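Worksheet: the structure to be examined is printed underneath.
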Amino acid sequence: MALNLTVKVHPVVLFQIVDAYERRNADSHRVIGTLLGTLDKGVVEVTNCFCVPHKEHADQVEAELNYAMDVYELNRRVNASENIVGWWATGNEVTNHSSVIHEYYSRECREPVHVTLDTSLAGARMGLRAYVCVALGVPRGKQGCMFTPVDVGLTYYEPEVVGLQLCRKTMAAGGRSRQVQPMVDLAQVAEAASNISSLLEKVLEYIEEVLAERALPNDAVGRELLELVSALPDMVAKSFADAFSAGVKDLLMVVTLAQLIKTQLQLNEKLTLLTSQ
């Protein structure tokens, strides 16, 4: 078992685990399931998951493995690139039954990972951990295994960022929740431009403070700013304004066409309903 694996988990996986935990049976204290994703060059990217019904007793574990395989086969029809990469469980620790469950997943995939999500919010946060199972023992002797932690982090696609930002807006002052509605495309562009403007103001303020020797310079921040400036295209202001204007016009055209298609579909649905009566 390679110990240099890195696990990258998408936010949708965390939401699915929390949803499965909230929908658990009243007598279930822990929920487990299968992790789906890809393994490439030592990086396990977890993009999907599903819950596997099970019961844990003092000396054994009962899991509906046929159900798990049926769900996996159905998922393969939708997304053939997602394979079994391990399994997940709620809680903040590895239990005595974890080795038995891990043994099953060792037959389903090579080098499965075990991810735990602390849904009890111990320490006022939802702890995320990942493990691999390392074989222990002596040759021709008694064998065992040990769960060893590996690096784990979050990764996301651009659409997931939009969803996370929308979820963050539901948090009001004092820890209360509020209802929000998704913004239209132009409102998102305006909000993104406003956020970039405020971030640029903070960067300029920091640079002025460092140049005036009122703040200590940070080498890491300096390197990041240098990479940011180097990544900018070398073009005059007028060319940039023309390119930005053309991009906005293209976006407006796409939004207009989308609205026209939506209107036509709604009209066709109503006409079909009237003619069928």
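The values are calculated or read from the model by the stated rules, or taken from the named source; none is laboratory data. None of these values were measured; they are calculated from a predicted model. Using ideal geometry, Cβ is built from the backbone for each residue, glycine included, and neighbour counts are taken over all protein chains shown. Surface accessibility is based on the protein's heavy atoms, side chains included, excluding ligands, DNA and RNA. Shrake-Rupley method; radii C 1.70, N 1.55, O 1.52, S 1.80 Å.
Where does the charge balance sit around VAL132 when Lys and Arg score +1, Asp and Glu -1, over other residues with C-beta under 12 Å from its C-beta?
Details: positive: ARG110, ARG129; negative: GLU111, ASP151.
It works out to a net charge of 0.
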Centre separation in Å (Cα based) which lies between region 169-227 and region 93-162: 35
Cut-off under 5 Å, modelled amide H: who pairs with VAL7 long-range: VAL44, ASP151, VAL152, GLY153
Cα gyration tensor shape of the chain, rounded if a/c is under 1.5, else prolate or oblate by comparing a/b with b/c: oblate
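Share of the chain's accessible area from carbon and sulfur, percent, 1.4 Å? The partial results should precede the final answer.
Values: 11350 of 19800 Å².
With neighbouring chains kept in place, the figure for the chain is 57 percent.
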Value of [θ]222 nm, deg cm²/dmol, for the chain, DSSP H segments ≥ 4, -39500 (n - 2.57) each, nearest 500: -16000 deg cm²/dmol
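Rolling a 1.4 Å sphere over the protein heavy atoms, what is the accessible area per residue of the chain, to the nearest Å²? Please report the intermediate quantities before stating the final value.
Numbers: 19800 Å² over 277 residues.
The answer is 71 Å² per residue.
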Label-to-label distance, nm, for residues given as THR148 and ARG77 (7 Å Cα→Cβ offset): 4.1
